[in-house]
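Following: one structure in structure tokens, then a few remarks.
The values are calculated or read from the model by the stated rules, or taken from the named source; none is laboratory data. Quick caveat: nothing in here was measured; it's all calculated off a predicted structure. All Cβ positions, even for glycine, are placed from backbone atoms using ideal geometry, and neighbour counts span all protein chains on display.
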Amino acid sequence: MIRSILNLLSSRKRPALGRKSSVDNGWSGLTVEVLEGRALPSVGAVSAVLTNSLLANQSLVAPAAQQVPNLVGVQFHMNFGRAFDMLIQTENWNDYEKWYDITGTWKNDATGEVSNFTGRLQPSAQAGWTDINIYWLVPGTNVVEGSFSGSIVQNTSKYGAVAALPPSWHVQGEWIDLVHHDSDYVMGNGSAPLLFLA
């Protein structure tokens, strides 16, 4: 991407350094330029084609309609109902599924058990909210031990988004323990740790 931008910039017209002429070599859109006695191929047409194809093919970037907040590093503490902690460690766009894959840790504060989870984030039908669905396995197996399905929204006040560094988030949803056949509605808040540079 950077190379195509540099090529695009290099194809912009600049004051000539010495004699400059253009020679048609018979190829459509490609020319040979003579600069200071040296014949060089023109990159103007090539960089335009490369730049246009790169701009048209941005599959690594999520479409604007699929944007969700970057929650990497956000630690949620849920203490309405049961007490749990959830830390989101990674968040990556999944172009095939059209959602964000996430991973992190889920801690049951009552038992102290910490599990690694896998899940997804995607925009909610409710404006400003993000849906979250995660699950974790019984350690050492492929058996799903529990799950959490809910929603996340940035905390606001009557003045709009809370001006906090870092932003504060609210989470709520249903926790299910599939092994012990238990469930509860839980909610809480979270934020990323504030880093101080010395």
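Name the single residue that is modelled with the lowest pLDDT among those in segment 138-174 being farther than 21 Å from Val72 by Cα and part of a strand (DSSP E or B). Give the steps one after another, and end with the answer.
The initial filter retains those residues of segment 138-174 that are farther than 21 Å from Val72 by Cα, namely 138-146, 157-160, 174.
Narrowing further to those that are part of a strand (DSSP E or B): 144-146, 157, 160, 174.
Working: Val144: 93, Glu145: 93, Gly146: 95, Ser157: 67, Gly160: 61, Glu174: 96.
Ranking the qualifying residues of segment 138-174, first place goes to Gly160.
Considering only residues that are in a strand (DSSP E or B) and β-branched (Val, Ile, Thr), look in segment 175-190 and name the one that is surrounded by the fewest Cβ atoms within 10 Å (Cβ to Cβ).
Within segment 175-190, the match that is surrounded by the fewest Cβ atoms within 10 Å (Cβ to Cβ) is Ile176.
Based on what the data block shows, is Glu97 modelled with pLDDT under 95, of a type outside the set (A, V, I, L, M, F, W, C), part of a strand (DSSP E or B) and in the same structural domain as Trp169 (by TED's automatic domain parsing)? Show your work before the answer.
Working: modelled with pLDDT under 95: yes; of a type outside the set (A, V, I, L, M, F, W, C): yes; part of a strand (DSSP E or B): no; in the same structural domain as Trp169 (by TED's automatic domain parsing): yes.
Considered against the rule, which asks whether it is modelled with pLDDT under 95, of a type outside the set (A, V, I, L, M, F, W, C), part of a strand (DSSP E or B) and in the same structural domain as Trp169 (by TED's automatic domain parsing), Glu97 comes out as no.
If I go through segment 85-111 residue by residue, how many of them are more than 12 Å from the chain's Cα centre (by Cα), surrounded by 18 or more Cβ atoms within 10 Å (Cβ to Cβ) and more than 21 Å from Pro193 (Cα to Cα)?
0
Residue check: is Phe80 aromatic (Phe, Trp, Tyr) and surrounded by fewer than 16 Cβ atoms within 10 Å (Cβ to Cβ)? Walk me through how you get there before you give the answer.
Values: aromatic (Phe, Trp, Tyr): yes; surrounded by fewer than 16 Cβ atoms within 10 Å (Cβ to Cβ): yes.
Criteria met by Phe80.
Which condition number does Val114 fail, the rest of (1) without any contact (Cβ under 8 Å) to a residue 12 or more places away in the chain; (2) loosely packed, with under 13 Cβ neighbours inside 10 Å being met?
(2)
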